[in-house]
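Taking it in order: structure first as structure tokens, then the write-up.
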Amino acid sequence: MKAGQRGAPDRSAADRTLTFANWPLYIDVDDHDKQKRPTLDAFEKRTGVSVTYTEEINDNDEFFGKISPALMNHQPTGRDLIVISDWMCSRFVRLGWVQEMDRDRQPHVAKHLDPLLLRPAFDPGRRHCVPWQSGITGIAYNRRKLGREIKHTSDLWADDLRGRVTLLAGMDEAFALLMQGEGVDITRWTADDFHRMTDRIAALVRKQHIRRFTGNDYIKDLSSGDVLAAQAYSGDVIQLQVDNPDIEFVVPEEGAELWSESLMIPNLAAHKRNAERLVDHYYEPEVAAALASWVNYVCPVPAARDVLASSKDKDTAALAEDPLIFPDDAMRGRLAIAKDIGAKERPEFAKAWNGMVGL
């Protein structure tokens, strides 16, 4: 759809509201009253804009199915702001279902967005989307039980891990790290790279080296010790380490995927300017720091680190030194945003991947 057909008459000035759809447990809440969300409440108080906040996104494909009929038929979705994974953002951009944000109204985004996140292949300059939170797909392992370090993705294929390794089941979530393990530049991978990677993994499946393919339930396997190493998300590992300090997270020497779940304004959103204001609110370093200290993902606002470091609370200040929230320079040099799987190649790739995974 052409850009000029994507907008609706903006009601932001007369109707000081907006509807914001997000994932569960993905925003700060008050310790004493779970109905209060301090960073969101502060926005409402300061701007006079009332936010209807819904935790209705549990799966990218499920949510796509929920709102795509409206977008396909050039109808409003009833939502002014949504948060979806970047690989799904890519689909929305390609289909022309989201609006460009007015960066002149978002000075904090322009100033504070992490340069590492600025140029995904599907949306250079992030005109259509802005990261809500980011994360790393790497490797988590039990250092004490394994008795050695893991430094490379290929270390997962060693004999002492036969039957004690899990990989992520979702193709979009899993493929980039596994390609990087083959030495591929994931910003410009090819179909041959994908098939070479799946051939390697299929052989390991046949040998029963890989215990299973998982969703987020790998957390339980690692905690119980049934699994010694797993393809994992950085945010999950921070929580795991609270109960089990033997769990370590590694960005392999050959690299890991840096991903985001990003804010987007769907076509025909009725309160675009209010939505842009809210996005910019979360890029103020103080607000970004408050959110990061709660959700524990990679913060897309590096300037929030100094805010946390200056906290009088020891635990809060310690978050500024956590490389899984603020990756250090060495780690940042090994992170890359993967080129998305395109619409033409997706059916073929999904057939190969799902056949291997057993979906």
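The values are calculated or read from the model by the stated rules, or taken from the named source; none is laboratory data. Only a predicted model underlies this, so the values are computations on that prediction, with no experimental measurement involved. Counting neighbours? That spans all protein chains shown, and the Cβs are built from the backbone with ideal geometry, glycine included.
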Pairing a residue in region 97-126 that is among the small types (Gly, Ala, Ser) with any residue that is not in a loop (DSSP other than H, G, I, E, B), where Cβ atoms lie under 6 Å and the two sit 6 or more apart in sequence or on different chains, gives Ala110/Arg103
As an exercise: evaluate Ala343 against (1) outside the structural domain of Ile238 (by TED's automatic domain parsing); (2) of a type in the set (A, V, I, L, M, F, W, C); (3) in contact (Cβ under 8 Å) with a residue 24 or more places away in the chain; (4) under 23 Å from Gln180 (Cα atoms) and give the number of the one condition it does not meet.
(1)
Selection over region 295-315 where residues are within 19 Å of Tyr282 (Cβ to Cβ) and either surrounded by 17 or more Cβ atoms within 10 Å (Cβ to Cβ) or at pLDDT below 95 (or both) yields a count of 13
Residues satisfying the stated conditions in region 156-184, i.e. within 17 Å of Val251 (Cβ to Cβ) and either exposed (fewer than 14 other Cβ atoms within 10 Å of the Cβ) or without any contact (Cβ under 8 Å) to a residue 12 or more places away in the chain (or both):
Gly183
Against the definition (surrounded by fewer than 19 Cβ atoms within 10 Å (Cβ to Cβ), touching a Lys or Arg at 6+ places or on another chain (Cβ under 8 Å) and among the small types (Gly, Ala, Ser)), how does Ala343 come out, yes or no?
yes
For region 202-248, give me each residue that is under 26 Å from Phe326 (Cα atoms), touching a Gly at 6+ places or on another chain (Cβ under 9 Å) and surrounded by fewer than 21 Cβ atoms within 10 Å (Cβ to Cβ).
Gly215, Gly235
Looking only at region 181-225, and only at residues there that are in contact with a strand residue (DSSP E or B) (Cβ under 6 Å, 6 or more places away or on another chain) and outside any helix (DSSP H, G or I), the one that is farthest from Asp236 (Cα to Cα)
Thr187
Looking at the structure I just gave you, is Asp172 more than 14 Å from Ile210 (Cβ to Cβ) and in a helix (DSSP H, G or I)?
yes
